[in-house]
Amino acid sequence: MKKILAPLLLTILSISIVSCEKEVVYETNSARYNTSDIALCATQQCPDIDIDIITFSSPETVKDIANKWILDKTTSTLYNASEVPDLTITDAVDLYINESQISYPETTELSDAHEIQIETALSYGTNNLLSIVHYTYQFSGGASGYDRASYLNLNPQNGELLSKEALFTEDFYAFAKAYFTKEYPQQAYIFNNPTFYESLKEVGFTEVGVVLYYINLDALQSENMVVTIPWKEAESYLTF
């Protein structure tokens with residue numbers, strides 16, 4: 001009887017565990033902020049502004065932390081500081097316009113040349129992982145602008161923030177280092193340093209796979225490096 005009952009109990013336990021996982025429904029709203037819609041810019045020179053912000057209305061487990069992260073990332077980018085006072089996006093846009101105008105008080109041409117684009121999106125969403133991307137492109141004069149992508153990864157079942165340690169097995173980083181070396185063979189020597197783990201600045205997820213941003217500290221190569229590892233190649237290193 002015990003030999004028959006044990007597998008049966010395991011089956012019931014398995015069903016119970018699966019049934020405890022909530023079906024996650026993601027619902028978002030979007031708001032846009034463009035130069036043409038800003039009253040101030042109807043009468044004076046303004047930078048080129050294009051901002052697309054999402055806010056989550058569902059699920060309840062993640063909407064507050066997700067919306068705060070998106071707001072904080074956006075206002076700190078516009079305010080150009082890591083820590084900013086409580087601001088609405090509209091207030092932060094006004095501050096950005098003012099800063100671009102007073103940076104070159106002798107001319108409005110350089111102020112007009114300023115450009116900022118911010119795009120936020122649900123990068124990847126399943127029952128056990130929510131990945132949100134905050135993408136920024138800025139141009140403030142000079143030869144070229146710069147862009148940056150930041151990711152927030154959450155467990156939608158309980159709202160828990162998912163760190164790199166929680167997302168991957170320990171073997172993943174050796175695999176990732178080899179992947180970067182293959183994608184950037186001319187900079188292979190960079191990835192041999194002992195700080196590879198710390199230099200993985202951003203980790204995100206898309207329908208294609210795992211996105212990794214590596215901060216390049218080499219003075220001869222100023223651009224950050226990015227790779228996307230397909231799900232099929234990365235799945236054995238994932239913990240979810």
Can you give me the solvent accessible area of LEU95 with a 1.4 Å probe, rounded to the nearest 10 Å²? 70 Å²
Using the Kirkwood radius over Cα pairs, work out the Stokes-Einstein diffusion coefficient for region 154-201 at 20 °C and 1.002 mPa s, in µm²/s as a whole number. 176 µm²/s
List the aspartates and glutamates whose alpha-carbon lies under 15 Å from that of LYS73, not counting same-chain residues fewer than 8 positions away? ASP52, ASP64, GLU83, ASP86, ASP91, GLU119, ASP147, GLU202
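Going from most exposed to least, what order do VAL226, VAL25 have by accessible area with a 1.4 Å probe?
Highest to lowest solvent-accessible surface, that is VAL25, VAL226.
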If LYS232, LYS22, LYS201, LYS63 are ordered by their accessible area, calculated over protein heavy atoms with a 1.4 Å probe, which sequence runs from highest to lowest? LYS232, LYS22, LYS201, LYS63
Please compute, over every Cα-Cα pair in region 147-240, the percentage with a separation greater than 17 angstrom. 50 percent
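The values are calculated or read from the model by the stated rules, or taken from the named source; none is laboratory data. Keep in mind that what you see is a predicted model, and the values were worked out from it rather than measured. Surface accessibility is based on the protein's heavy atoms, side chains included, excluding ligands, DNA and RNA. Shrake-Rupley method; radii C 1.70, N 1.55, O 1.52, S 1.80 Å.
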